[in-house]
Amino acid sequence: MKKIPVRQIKSSNKEQASSGSFSIRKVEDLLKGNDLIQDLHRHDFFFILALQKGAGKHEIDFIPYDISDLSVFMIRPGQVHQLQLKTGSTGYLMEFNMTFYQPGDKISIQRLRKAGNKNYCQLNTERFEKLRAVLSYIFHEYTDKQEAHQEIIKANLDIFFIELVRQSHSSDSTSKNVTPYEQERMEEFLELLDEHIISQKQVSHYSNLMNLSVYQLNEITKTSIGKTPSELINEHITLEAKRQLLATSSQIKDIADQLGYEDPSYFIRFFKKQTGLSPEVFRHKFG
């Protein structure tokens with residue numbers, strides 16, 4: 001069974017073998033005067049693309065974005081994407097795994113979770129410049145590799161995510177009457193879905209992990225985004241099925257088995273109910 005290609009961080013820093021992996025590059029150095037075209041794949045690390053100037057296409061979990069100036073894309077481990085970036089684009093591409101950057105307190109963990117739950121952020125010049133300045137500092141520390149440079153990089157990652165969450169909220173035009181507590185628990189639920197969706201599909205499993213009743217979790221998700229936990233679970237299953245259908249050539253029965261369905265016909269009925277298309281038709285139409 002063919003699996004979705006998983007890319008790893010390209011880093012020449014040998015000392016990171018035991019302390020995790022981190023990389024930051026200038027986009028113009030990455031392009032080297034050519035367009036960048038990447039097929040559908042996923043990462044086992046965080047991927048942040050901050051573009052001062054940019055043109056092209058970026059599809060993240062089958063949501064297409066037109067790349068433009070002053071934009072930031074952030075991809076969590078496990079998400080799939082394909083990227084077409086035009087020559088002349090400038091900015092920074094930063095990659096790191098959770099072994100390298102481990103938020104040390106609850107607030108920092110929540111901040112990373114918030115940032116990771118928004119894949120795309122369009123900024124104005126002033127807001128982007130704040131992020132660019134932090135990335136420039138990180139780039140020079142990574143390049144110069146002076147004493148304690150990793151600690152400085154990690155400290156500046158804290159600052160970067162503070163700014164990114166600020167700017168992301170500022171650029172969000174939607175206004176919802178959601179308390180900080182509800183937002184925090186909602187983001188926690190989404191993270192748990194990413195981790196457990198293959199093996200666990202019952203709402204009660206997630207409510208137990210979060211020390212909530214099913215009713216409490218239902219109220220949090222409905223208040224936050226107007227959907228029930230069951231609907232979000234079904235959406236996550238469907239998303240992973242789409243990833244497997246479009247990024248691999250695996251047979252439907254193998255995909256069903258990988259998603260935890262012993263009966264392929266049940267999986268086919270579920271997918272058709274969610275998308276209006278059978279898995280085979282979906283693959284043929286969008287693959």
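Just a few scattered comments:
- The lysine pair count for the stretch 180-286, using Cα distances under 22 Å and pairs eight or more places apart or on different chains, is 19.
- In plain terms, the chain from V214 to D66 could stretch by 49.4 nm, reckoned as 0.36 nm per residue minus the Cα-Cα distance.
- Taking amide hydrogens as placed 1.01 Å from N in the peptide plane, the amide H of S250 sits under 5 Å from those of K2, each at least 5 positions away in sequence or on another chain.
- Calculated on C-alpha atoms, the gyration radius of the stretch 180-286 divided by its Kirkwood radius gives an Rg/Rh of 1.02.
- In order through the stretch 61-78: 3J(HN,Hα) via Karplus (6.51 cos²θ - 1.76 cosθ + 1.60), integer Hz, x for Gly, Pro: 6, 6, 9, x, 10, 7, 6, 9, 4, 6, 10, 10, 10, 10, 10, 7, x, x
- Gained length - D44 relative to Y181, 0.36 nm times residue gap less alpha-carbon distance: 46.4 nm
- Between K32 and K57, the distance separating the two model label sites (each 7 Å from Cα on the Cα→Cβ line) works out to 2.5 nm.
- Value of [θ]222 nm, deg cm²/dmol, for the chain, DSSP H segments ≥ 4, -39500 (n - 2.57) each, nearest 500: -15500 deg cm²/dmol
- Point-to-point label distance, S199-R25, nm (Cα→Cβ direction, 7 Å offset): 3.5 nm
- Net length gained if the chain between I107 and T90 were fully extended (0.36 nm per residue, minus Cα distance): 3.0 nm
- Tail weight of P(r) past 31 Å, computed on alpha-carbon pairs of the chain, percent: 33 percent
- Label-point gap, in nm, between T275 and D254 - each point 7 angstrom along Cα→Cβ: 1.7 nm
- Choice from L164, L51, L212 showing the highest fluctuation, given a GNM over the chain with Cα pairs closer than 10 Å: L212
- Distance between the stretch 20-37 and the stretch 259-281 - C-alpha centres, whole angstrom: 38 Å
- Cα-based equivalent ellipsoid of the stretch 54-129: semi-axis lengths in Å, sorted from largest, via gyration tensor: 24, 15, 12
Values in this text are rule-based calculations from the coordinates and carry no lab data. Keep in mind that what you see is a predicted model, and the values were worked out from it rather than measured. We place every Cβ from the backbone using ideal geometry, glycine too, and count neighbours over all the protein chains shown.
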